[in-house]
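The values are calculated or read from the model by the stated rules, or taken from the named source; none is laboratory data. Keep in mind that this is a model prediction, so the values were computed, not measured. Neighbour counts are summed over all protein chains in view; Cβ atoms, including those assigned to glycine, are modelled from backbone coordinates with ideal geometry. Note: accessible area is taken over every heavy atom of the protein model, side chains too, but ligands, DNA and RNA are not part of it. Shrake-Rupley method; radii C 1.70, N 1.55, O 1.52, S 1.80 Å.
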Amino acid sequence: MSVVRIENVFKNYTLGEQQVQALIDITLSIEDGVFLAIAGPSGSGKSTILNLIGCIDTPTRGRIFVNGQDVSGKTPDQLADMRARTIGFIFQTFNLFPVLAAAENVEYPLLQLKELSAAERRDRVGKYLDIVGLSKFAGHRPNQLSGGQRQRVAIARALATQPKIVLADEPTANLDHNTGGGILELMKEINRQDKTTFIFSTHDQRVMTMADRLVKIEDGRLTPG
Ligand code: ADP
Ligand code: MG
């Protein structure tokens, strides 16, 4: 089954007088449970694809189905709710709240899931900090953590809502080789155990090697091979 289906999608940005064609006629089906890498040079459209799948942005033309739902017909509120329950994000620059402790960063997206009690939220936070090996750092703020530890907090935050899909935008780009390798192993293990779908954008050869499937993009178009 496809967890994401992108059909003839175009995305244009207007930059002053100029029109930028960020995506040109993209069609792509992504199987449930896959560890997928989208690889391409800087500016090729990788982040744009992830933002569309993540309902952060909408296509100029074409349709996108996420978890069986057509996202084009949804209101901003419906999209926000769907995002909260279906999708976790991991970014190149971690994007943690600097004033919040690790545990509070992980708890943050759970606040949108109104059905969870405070005790259930605490349990979730504890569980996912443990999975990423940071139980002892629950009270530390991001500036008291290394880059690798910050990315682990971001992974715990992305997983805590138990999403179907994790979107990871160049997650190893700001980490040294060994730390990036450890982060990748962790994500692969979660993918194997929980069957969570991972969609990466990357330049990192190791991500491409580890992926079940590799998709290449250049100048806004998917390229064969
Ligand atoms: P990548 O993630 O592969 O580096 P992006 O998806 O960020 O590429 O960008 C694809 C193209 O779209 C680039 O030419 C970029 O400059 C342009 N672009 C991306 N976001 C915007 C935006 N918000 N406004 C204008 N142009 C944008
Ligand atoms: Mg990018």
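The protection proxy used here, the mean number of other Cβ atoms lying within 10 Å of each residue, ranks peptides 70-81, 2-13 as follows, highest first: 2-13, 70-81. At a probe radius of 1.4 angstrom, the accessible area of region 1-109 per residue rounds to 48 square angstrom.
Annotation: peptides 83-95, 151-163, ranked by per-residue average of other Cβ atoms within 10 Å with the highest first, follow the order 151-163, 83-95.
Descending by average beta-carbon neighbour count within 10 Å, the peptides 46-55, 123-132 line up as 46-55, 123-132, the highest first. From helices alone, the chain scores -10500 deg cm²/dmol at 222 nm; the rule is -39500 (n - 2.57) for each run of n ≥ 4 DSSP H residues, then divide by the residue total. For the chain, the longest principal axis of the C-alpha atoms and the axis of helix 118-131 are separated by about 80°.
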